[in-house]
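See below for the structure under consideration.
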Amino acid sequence: MSKGLSVDKLDNYGCAGGMRCKAPDAQHGHSMQATGNAAACPSVQPECSNYPRTAPAEVIDQSLLLEAAEAAAASPRRRKNYNFHADDGDVCHRLLNAIEPDSYIPPHCHLDSSKDETILVLRGKIGMVLFDPAGKVSRAVVLQAGGESLGINIPHGQIHTLVALEPGSVFFEAKAGPFVPLSAQEKAAWAPAEGTSEAERYLTQLKELFATT
């Protein structure tokens, strides 16, 4: 692939080895300087063209979505993330997540108040499942590229998972960085661990929530 693979690791969806697309973003827009207890724009703003650019703008097109989907299909875990942010420490994480129907993401939440999460489906169809703390399904919604519902904003503390309802599904995800592995408190204790026979059965049950869609 023309885009290099990042160091093999787990993100908060358990996606191993995200494809990294570029170097750090060039600075853009007004710079801010501290003045006492407030931040203010300098009286004379530099032109955007004066900032160093380390990578070109990248269009999210159908060929990129296909590239991500093919990488997910070839992955042993049947999912793959394609990062637009350059580093795990970046304050804003933006990425594509490609996932196949036989990939299981254990239910989890993000307790950090800065880590609300936004998902937009760009290719295929996703089943999003929200739970109460005891593991009872509180909502199950189909998100489909070009459909009536195509995205969701998930507040921190909300236990959730998702399942791919079509092969080659890809969604865009945005949430605050830096990357921090899920803590024990953020993993749903009632959900089976990935890679177990219980997980296979549970994934089947999750997909049955969307059997009529």
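The values are calculated or read from the model by the stated rules, or taken from the named source; none is laboratory data. As the structure is a prediction and not an experimental result, all values here were calculated from the model. Glycine also receives a Cβ, built like all others from the backbone with ideal geometry; neighbour counts cover every protein chain displayed.
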Looking at (1) surrounded by 14 or more Cβ atoms within 10 Å (Cβ to Cβ); (2) more than 25 Å from Ala71 (Cα to Cα); (3) out of contact with any Ser or Thr (no Cβ under 9 Å at 6 or more places or on another chain), which is the one condition that is false for Ala188? (3)
Please verify whether the range 79-96 includes one or more residues that are out of contact with any helix residue (DSSP H, G or I) (no Cβ under 6 Å at 6 or more places or on another chain), closer than 29 Å to Leu203 by Cα, in contact (Cβ under 8 Å) with a residue 60 or more places away in the chain and small (Gly, Ala, Ser). no
Candidate set from the range 149-185 (those that are surrounded by 16 or more Cβ atoms within 10 Å (Cβ to Cβ) and of a type in the set (Val, Ile, Thr)); member that is farthest from the chain's Cα centre (by Cα): Ile159
Anything in the range 118-136 that is of a type outside the set (A, V, I, L, M, F, W, C) and not in a loop (DSSP other than H, G, I, E, B)? List them, or say none. Thr118, Arg123, Lys125, Gly127
Could you please find all residues in the range 88-107 being closer than 18 Å to Gly157 by Cβ and surrounded by fewer than 20 Cβ atoms within 10 Å (Cβ to Cβ)? Pro106
Is it fair to say Ile119 is within 22 Å of Lys207 (Cα to Cα), touching a Ser or Thr at 6+ places or on another chain (Cβ under 8 Å), buried (at least 17 other Cβ atoms within 10 Å of the Cβ) and not polar (S, T, N, Q)? no
Is the range 132-148 home to any residue that is at pLDDT below 95 and either surrounded by fewer than 21 Cβ atoms within 10 Å (Cβ to Cβ) or on the phi > 0 side of the Ramachandran plot (or both)? no
